[in-house]
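The structure under discussion appears below in the form of structure tokens.
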Amino acid sequence: MKYDYLVVGAGLFGATFAYEAKKKGKTCLVIDKRDHIAGNVYTKEQSGINVHVYGAHIFHTSNKSIWDYVNQFAEFNNYINSPVAVYKDELYNLPFNMNTFSKMWGIRTPQEAKDIIAKQIEDLHITEPKNLEEQALSLVGTDVYEKLIKGYTQKQWGRPCTELPAFIIRRLPLRFIYDNNYFNDRYQGIPMGGYTKIVEKMLEGVDVKLSEDFFDVKKRGKLSDGTEVSYDKILFTGQIDEYYESKFGPLEYRSVRFETEELQVENYQGNAVVNYTEYEVPYTRIIEHKHFEFGQQPTTIISKEYSSEWKPGVEPYYPVNNEKNNALYQKYADLAASEKNVIFGGRLGQYKYYDMDKVIEAALACVAEEL
Ligand code: UDP
């Protein structure tokens with residue numbers, strides 16, 4: 001079998017690329033070492049509920065063309081992400097907004113909230129934030145940082161906030177209106193029927209081989225069923241350091257472990273996402289999947305999310321974009337730039353904390369440059 005592209009990884013990047021390449025008359029063979037398509041956006045139906053198997057995925061974008069693009073493949077519902085944070089026996093709305101401040105300080109007006117935060121920030125005397133802790137403190141003051149950021153962030157990244165880059169926290173908006181919408185984006189929603197259907201549609205008419213490990217295929221020159229394959233180019237969406245056998249040293253990733261269970265109750269926590277922001281609770285959040293699609297099923301499915309360091313054998317989820325890793329990644333990226341027949345894409349291939357819309361944007365840009 002002869003293909004124009006071997007696409008390694010059937011996630012959003014690979015599927016978008018394959019869909020567009022096919023439209024332009026190119027042939028792709030998409031392989032994935034897992035036994036299913038859709039990468040980490042994979043959803044699986046259980047008891048009528050679409051379970052986000054590799055963690056909650058909420059589509060949001062401000063790019064109208066990307067919104068229109070994904071809407072070709074699915075109808076999106078009007079879900080708005082409004083997580084709730086539990087700290088000890090207190091409960092707060094996220095993102096940090098007037099509901100949060102009102103609960104925290106017993107105040108009512110934006111001016112009162114601004115005054116309290118300004119006073120706390122002033123007392124800290126931080127001129128130029130050097131790390132996530134200083135960045136967060138200088139944005140939100142002491143109370144919000146201590147109760148809603150510090151423990152959660154340390155759990156998620158497995159490092160003290162003083163050793164994390166400031167930019168992670170820029171994702172958290174601070175609002176002086178009573179608005180619990182977590183994202184600032186113009187468009188938001190969950191594809192009705194789950195994400196897997198989107199990727200299925202993208203890959204319609206494309207050759208896909210599952211449970212197929214790229215490194216084995218490369219070694220053998222054949223697929224696991226013995227089929228010989230050749231291709232002009234590779235699109236690799238796995239870990240870029242693994243591709244190069246970690247010759248400059250391994251990049252760090254964070255992994256997530258999910259404890260998923262079905263409960264014989266109709267509604268467990270009343271919200272899709274509840275964050276546990278104190279360090280002493282071992283999980284970072286509990287997802288109740290049915291609420292992403294306003295489910296009315298008689299039972300419910302929840303996932304407790306435990307963050308851990310990535311090691312070989314578990315799934316990588318997040319690149320750890322601190323200075324050390326970014327410098328190391330740059331070495332791999334320089335090597336990648338000199339490749340004529342290999343392209344790297346996606347969160348793992350480009351070692352970038354991409355959201356879904358940015359993955360699709362990057363894949364479309366990649367196709368445009370390639371073809
Ligand atoms: N964060 C936090 N408290 C929260 C939720 C998030 O401090 O209750 C911070 C934390 O530093 C985290 C970052 O915001 O690493 C991004 O979290 P988010 O849940 O938005 O990212 P996701 O894991 O969903 O990509």
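Let me spell it out: the conditions are (1) open to solvent by 50 Å² or more (accessible area, probe 1.4 Å); (2) assigned to a loop (DSSP other than H, G, I, E, B), and Glu369 meets all of them except one. Which number is the exception?
That leaves (2) as the condition not met.
What number of residues within the stretch 167-206 are among the hydrophobic types (A, V, I, L, M, F, W, C) and on the phi > 0 side of the Ramachandran plot?
Here is the first cut: in the stretch 167-206, the ones among the hydrophobic types (A, V, I, L, M, F, W, C) are 167-169, 172, 174, 176-177, 183, 190, 192, 198-199, 202-203, 206.
This time we only want the ones that are on the phi > 0 side of the Ramachandran plot, so: none.
The qualifying residues number 0.
Return a yes/no flag: does the stretch 71-79 have any residue that is away from the ligand (no atom under 16 Å from the Cβ) and over 27 Å from the mean Cα position of the chain (by Cα). Spell out the reasoning first.
Initial filter on the stretch 71-79 (away from the ligand (no atom under 16 Å from the Cβ)): 71-78.
Still in the list and also over 27 Å from the mean Cα position of the chain (by Cα): none.
No, the stretch 71-79 contains no residue that is away from the ligand (no atom under 16 Å from the Cβ) and over 27 Å from the mean Cα position of the chain (by Cα).
Please determine whether any residue of the stretch 259-272 is within 15 Å of the ligand (Cβ to nearest atom), closer than 27 Å to Phe76 by Cβ, β-branched (Val, Ile, Thr) and at pLDDT 95 or above.
No, the conditions are met nowhere in the stretch 259-272.
Cβ contacts < 6 Å: first residue among the basic types (Lys, Arg), restricted to the stretch 180-202; second residue assigned to a loop (DSSP other than H, G, I, E, B) and open to solvent by 40 Å² or more (accessible area, probe 1.4 Å), any location; separation 6+ or different chain. Result?
Matching pairs, first to second residue: Arg186/Ser62.
Inside the stretch 282-316, can you point out the residues that are open to solvent by less than 30 Å² (accessible area, probe 1.4 Å) and of a type in the set (A, V, I, L, M)? Lay out the reasoning, then the answer.
Start the filter on the stretch 282-316 by keeping residues that are open to solvent by less than 30 Å² (accessible area, probe 1.4 Å), which leaves 284, 286-290, 292, 295, 299-303, 305, 316.
The answer is Ile286, Ile287, Ile301, Ile302.
For the stretch 180-208, how many residues meet the condition of being open to solvent by 50 Å² or more (accessible area, probe 1.4 Å) and closer than 30 Å to Thr127 by Cα?
Of the residues in that region, 2 qualify.
So is Phe96 over 28 Å from Thr43 (Cα atoms), of a type in the set (Phe, Trp, Tyr) and more than 10 Å from the ligand (Cβ to nearest atom) or not? Can you show your working first?
Working: over 28 Å from Thr43 (Cα atoms): yes; of a type in the set (Phe, Trp, Tyr): yes; more than 10 Å from the ligand (Cβ to nearest atom): no.
No, not satisfied.
Name the residues in the stretch 106-136 that are assigned to a loop (DSSP other than H, G, I, E, B), closer than 24 Å to Pro160 by Cβ and open to solvent by less than 80 Å² (accessible area, probe 1.4 Å), would you? Write out each step before concluding.
From the stretch 106-136, those assigned to a loop (DSSP other than H, G, I, E, B) are 106-109, 125-131; that's our starting set.
Imposing the further condition that a residue be closer than 24 Å to Pro160 by Cβ reduces the set to 125-131.
Residues satisfying the conditions are Ile126, Pro129, Asn131.
Only one of (1) in a helix (DSSP H, G or I); (2) open to solvent by 50 Å² or more (accessible area, probe 1.4 Å) is not met by Ala336, so which one is it?
If we test Ala336 against (1) in a helix (DSSP H, G or I); (2) open to solvent by 50 Å² or more (accessible area, probe 1.4 Å), just (2) comes out false.
Pull up the stretch 209-226, narrow it to residues that are open to solvent by 50 Å² or more (accessible area, probe 1.4 Å) and touching a residue at least 60 places away in the same chain (Cβ under 8 Å), then point me to the one that is farthest from the chain's Cα centre (by Cα).
Residues of the stretch 209-226 that are open to solvent by 50 Å² or more (accessible area, probe 1.4 Å), as a first pass: 209-211, 215-216, 218-220, 222, 224-225.
If we keep only those that are touching a residue at least 60 places away in the same chain (Cβ under 8 Å) too, we end up with 209-211.
Numbers: Lys209: 24, Leu210: 22, Ser211: 23 Å.
Out of the qualifying residues, it is Lys209.
Among the residues in the stretch 353-365, are any assigned to a strand (DSSP E or B), open to solvent by 10 Å² or more (accessible area, probe 1.4 Å) and within 22 Å of Ile58 (Cβ to Cβ)?
Taking the stretch 353-365 as the starting set, the residues that turn out to be assigned to a strand (DSSP E or B) are none.
Checked the stretch 353-365: no residue is assigned to a strand (DSSP E or B), open to solvent by 10 Å² or more (accessible area, probe 1.4 Å) and within 22 Å of Ile58 (Cβ to Cβ).
Go through the stretch 308-332 and count every residue that is more than 16 Å from the ligand (Cβ to nearest atom) and part of a loop (DSSP other than H, G, I, E, B).
4
Has the stretch 315-333 got at least one residue that is farther than 22 Å from Pro165 by Cα, out of contact with any strand residue (DSSP E or B) (no Cβ under 7 Å at 6 or more places or on another chain) and not hydroxyl-bearing (Ser, Thr, Tyr)? Explain how you work it out, then say what you get.
In the first step, residues of the stretch 315-333 are kept if they are farther than 22 Å from Pro165 by Cα; the result is 315.
Imposing the further condition that a residue be out of contact with any strand residue (DSSP E or B) (no Cβ under 7 Å at 6 or more places or on another chain) reduces the set to none.
No, every residue in the stretch 315-333 fails to be farther than 22 Å from Pro165 by Cα, out of contact with any strand residue (DSSP E or B) (no Cβ under 7 Å at 6 or more places or on another chain) and not hydroxyl-bearing (Ser, Thr, Tyr).
The values are calculated or read from the model by the stated rules, or taken from the named source; none is laboratory data. Just so it is clear, the model here is predicted, and its values are computed rather than measured. Here the Cβ is made from the backbone with ideal geometry for all residues, glycine too, and neighbour counts use every protein chain on show. The accessibility values were calculated without ligands, DNA or RNA, using every heavy atom of the protein model including side chains. Shrake-Rupley method; radii C 1.70, N 1.55, O 1.52, S 1.80 Å.
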